[in-house]
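Asker: Quick one: the structure is below, questions incoming.
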Amino acid sequence: MSASLIDALRTVPIFSDLSAEQLEWLASHGSDEVHDDGAMLFTPGSEADSMTAILDGSIDVLLSIGGQMVPFLTQRAGVVTGLLPYSRLRTYPGSGQAVGRTRIYRLHQTQFDEMLRMAPGLGPRLVALMTDRVRETTRLTQQREKMMALGKLAAGLAHEINNPAAAAGRAASSLLEHLRRLPQLTARLNEGGSSDAGLPAAFALIIALAAEATPAGKPAAGAAINGRERSAREDALTAWMERHAIEESWLLADTFVEAGIGVDALETLASTVRPEALSSLVAWFEAIVATQRLAADIHAATARVSELVGAVKVYSHMDRAGVREGVKLQHGIDSTLVMLGHKLKRTGITLERAFDPGLPDIEAYPGELNQVWTNLIDNAIDAMPDGGTLQIETARDGSFVLVRIIDSGSGIPLEIQPRIFEAFFTTKPVGEGTGLGLDIVQRIVAQQHGGRIDVDSRPGRTMFTVRLPIGH
């Protein structure tokens, strides 16, 4: 029995007021270990069979996330950890690595009953310690899961924002080029010092056609036709313009088809001016239509960016404190779908929504509920790597509201369904999941909101049903 071990045990707060006899018992029935910096004290899945007190140094607890071991928490000298009496811990969910020269004391679980008989005052302390550990671990796992969700969504969101931003940039460059050409095209209408007498009528017609062709915020007319029909329209416009000696007819035809302007419109325009003025007039008309179309494209792209920013704001709930308030479930689900939109498109999943328009607001924590939708929808997407159908439904059931998230994936095997809400349980390959998601979902739904989450799964159909009370 080492006197230095007894002295070291006395520095551990939970052992500090034990008698000399009790400390001697601990020292004689446990082991005194010293580990070098970087030594692995436990690994994922290894048996948790001993109570451990850190006497000197510290231990970094790491979890496998994305194929890499990342720090989860640091336990320092004075902390009692590992398996505790009455604990249900059986295996370690992560790794423990010594930081610096680390000295630990271990007491095997076979000694627990005798320890509690010898020092009965340790029982309540260890139960309180275990309660504090569960509370702190829950806080840290929720924080870690939020950061994981944020990182997962950030890549997709960056892609979603980049698409309209790039489109706006391309449209702005083209718009600038057209604006540079407009003065030259306008001047051509008055070549020779005299303008065509039919120009006023032509201008009136152009204004009407241009306004009809590019209504603000509407998609291009050419986007609604198939490739064969588009090609036929371009060929017809090109042939007409070539017959009328209009330059660069193939370029002008693309703009007119995109705007929904056909040969009939050009024929009407041609009837207002002399043949020699037609080429300049059609070129000027195309520039006006293209300019309006490009401005509409920029408007649509920037509106999409604003929509994405708005979705992020709703999703993160950044403008409000973490308090209960009236929540519209559809808004949170919609914002989550925007955040996961890139992943949905990439996997070719069909989304079907069936929202109850009469669903009442509920009293809830909106930010936490968005975390629930993220986990459930993301899991559903992962269950359909080759595509499928994702259904999201809302309904009222008495004093509760229901949210159903249904995927057409391979299903959850019956034998593991009872375990899916356990902390650190995952069916994903090593490095791809922490097993924290559904555990946190259940905590948010049940503990924070007084609700319930159920799963019904078979091959081809898995349904998670979240039941939330409307009031407190």
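The values are calculated or read from the model by the stated rules, or taken from the named source; none is laboratory data. Quick caveat: nothing in here was measured; it's all calculated off a predicted structure. Quick reminder, even Gly has a Cβ in these numbers, built from the backbone with ideal geometry, and neighbours come from all protein chains shown. Heads up: the accessible areas ignore ligands, DNA and RNA and are worked out on the full protein's heavy atoms, side chains in. Shrake-Rupley method; radii C 1.70, N 1.55, O 1.52, S 1.80 Å.
Asker: With label points built 7 Å along Cα→Cβ from the Cα atoms of Glu325 and Glu393, find their separation and express it in nm.
Answerer: 3.1 nm
Asker: Roughly speaking, what is the stretch gain from Gln111 to Asp36, that is 0.36 nm per residue apart minus the C-alpha to C-alpha distance, in nm to one decimal?
Answerer: So the extension gain works out to 24.3 nm.
Asker: What does the charge dipole of the range 1-138 about its Cα centre add up to, to the nearest 20 debye, if the Cβ of each Lys and Arg holds +1 and the Cβ of each Asp and Glu holds -1? Could you put the intermediate results ahead of the total?
Answerer: Values: 11 positive and 16 negative charges, 82 e Å.
Result for the range 1-138 is approximately 400 debye, rounded to the nearest 20.
Asker: Moving to a separate point now. Sort Asp60, Asp32 from largest to smallest accessible area, using a 1.4 Å probe on the heavy atoms of the protein chains.
Answerer: Largest accessible area first, the residues go Asp32, Asp60.
Asker: Follow-up question, since we're still on this one. Hey, rough spin-label estimate for Asp56 and Thr43, points 7 angstrom out along Cα→Cβ, what's it come to in nanometres?
Answerer: Here the modelled spin labels are 2.8 nm apart.
Asker: Stretch Ala208-Val70 to full length: gain in nm at 0.36 nm per residue minus the Cα-Cα span?
Answerer: Difference between extended and current length: 43.4 nm.
Asker: Around Thr465, with a cut-off of 12 angstrom between Cβ atoms, what is the net charge of the other residues, counting Lys and Arg +1 and Asp and Glu -1? Let's see the in-between values first.
Answerer: Details: positive: Arg404, Arg452, Arg467; negative: Glu393, Asp397, Asp454, Asp456.
Within the 12 Å Cβ shell, the charges total -1.
Asker: A further question on this structure: Over what distance in Å are the Cα centres of the range 1-59 and the range 240-261 separated?
Answerer: 85 Å
Asker: Treating only the Cβ atoms of Lys and Arg (+1) and Asp and Glu (-1) as charged, compute the dipole magnitude of the range 1-65 about its Cα centre; round to the nearest 20 debye. Provide the component values of the computation, followed by the final result.
Answerer: Values: 1 positive and 12 negative charges, 26 e Å.
Around 120 debye, computed over the range 1-65.
Asker: In nm, what is the difference between 0.36 nm times the number of residues separating Ala128 and Glu276 and their Cα-Cα distance?
Answerer: Here the answer is 43.8 nm.
Asker: Just to verify a number: FRET efficiency for Val309 and Ala166, C-beta to C-beta distance, R0 = 22 Å, to 0.05?
Answerer: 0.85
Asker: Something else about it: 5 Å is the cut-off here: which amide hydrogens, built 1.01 Å from N in the peptide plane, fall below it relative to Phe42, excluding neighbours closer than 5 in sequence?
Answerer: Here Gly96 satisfy the definition.
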